[in-house]
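Only one structure is covered here, and it is reproduced in the block below.
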Amino acid sequence: MFNVPDNLEITLGKHASKHLSADLATLISRIGQMTPNVKAEFPKRLKVARTTNKFGEVQKELDAWTNGFFVDALIKTGLVRAIYSEELDKPYIYNDSAPFVVTMDPLDGSSNISTNNVFGTIFGIYREDLPATGRKLVCAIYELYGPITTLVYTAGNGMGVHEFVKQREGEQQYLLLHENMKLPAKGEVFGIGADPMEWSNEFMGFAKGLFKKHRLKARYCGAFVGDFSQVLHRGGLFSYPCTKKSPNGKLRLYFEAAPMALIMEEAGGASSNGSISLLDVDLPDIDARVPLYMGNKYLIEELEAAIKKGQTYRQQ
Ligand code: FDP
Ligand code: ZN
């Protein structure tokens, strides 16, 4: 699908500084340089912490540590005036004159820690203050700590989606692996969260069509970053839909949905909350959750058509 060059030579910093303003390129490059410290801690911090985050989720030792590490490291760049994190009760407002506001999900998919499956980090970067819609993102980044460590970034505005790899663990530099990634025209895989018995009848009908009509294969790893990466590379659909019990789904607009929607749409795919692009969802609550559907355009159009008239739920 991709032609991987024999020699990977272009660093994340070099790539970003060729295309972006100096301050944004520096911030992206510095975020990339934080990875070795984070990865080195993973095997040493495997306990469950006694704390819960603002969403009532039990924190893992790694959730809390990674959050603290990124907050300190982002502040040290001198480029960040506020940080909003899934693991912070309140935003960390720091330096009024710095250019960027950053949102982060420090460890997305942290329930995968105990089973040694993939998890990652998601960053959204804005120049303006929040709340704002995803259209105001100036950059979105995700890092995937799989068997191979990768970082994907986009600065939107048709500037493409680019994937980098750490060729040697422990090295600071990420090297360019795929430039201008595009979703394959025909989808291959799908992953859907939440209890299928609680999906709406209309969504269930659509989901059945994914394997019956579209012949997609089921792939669900339980970390949004991991499931997203499969769809980005192989085409298809990822969803964490609304259910009767959770009408807004599970994933969070600012920390997860909006940055990943920017990457998905920039790679030629589509995102939706069921009726509009996730980049247009305008919610003042920074902690808001949102029903999430992302993937090939033809699948998102079919999904929106399927649930257009409303959703009904099975009798329990
Ligand atoms: P996790 O709770 O492990 O952090 O961020 C929420 C998230 O993972 C996503 O990464 C993932 O897509 C989803 O929740 C998985 O939820 P389920 O356990 O309900 O499948
Ligand atoms: Zn998450």
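Values in this text are rule-based calculations from the coordinates and carry no lab data. All figures in this text were calculated on a predicted structure; none of them were measured in a lab. For neighbour counting, all protein chains shown are included, and Cβ atoms are generated from backbone atoms with ideal geometry for every residue, glycine included.
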Give me the percent of Cα-Cα pairs in the stretch 17-99 that sit more than 22 Å apart, rounded to a whole number. 35
Once you put a point 7 Å from the Cα of LYS182 and another 7 Å from the Cα of THR312, both along the Cβ direction, what distance in nm separates them? 4.2
As an exercise, use a Förster radius of 45 Å and the Cβ-Cβ distance of SER97 and ARG50 to find the FRET efficiency, rounded to the nearest 0.05. 0.75
Using the Kirkwood radius over Cα pairs of the chain, the Stokes-Einstein translational diffusion coefficient at 37 °C and 0.692 mPa s, in µm²/s and rounded to a whole number, is 166
Gain on full stretching of the segment that runs from SER246 to THR133 - 0.36 nm per residue minus C-alpha separation: 38.5 nm
Work out, step by step, the length gained on full extension between LYS212 and TYR298: first 0.36 nm times the residue separation, then minus their alpha carbon distance; give nm to one decimal. 29.4 nm
Would you compute, from DSSP H runs of 4+ residues alone, the mean residue ellipticity of the chain at 222 nm, taking -39500 (n - 2.57) per run and dividing by the full residue count, rounded to the nearest 500? -8000 deg cm²/dmol
Cβ neighbours within 10 Å, averaged per peptide: list 262-271, 300-309 in order, most packed at the top. 262-271, 300-309
Determine the percent antiparallel among the DSSP beta bridges restricted to the chain, to the nearest 5. 80
Counting only DSSP beta bridges with both partners in the stretch 1-144, the antiparallel fraction in percent, to the nearest 5, comes to 75
Which of the lysines could be linked to LYS14 by a straight reach, that is with a Cα gap under 22 Å, when you skip same-chain ones fewer than 8 residues away? LYS76, LYS166, LYS182
Calculated P(r) of the stretch 6-178 - Cα pairs past 21 Å, %: 47
Using alpha carbons only, how many angstrom separate the centre of the stretch 172-227 from the centre of the stretch 63-97? 31
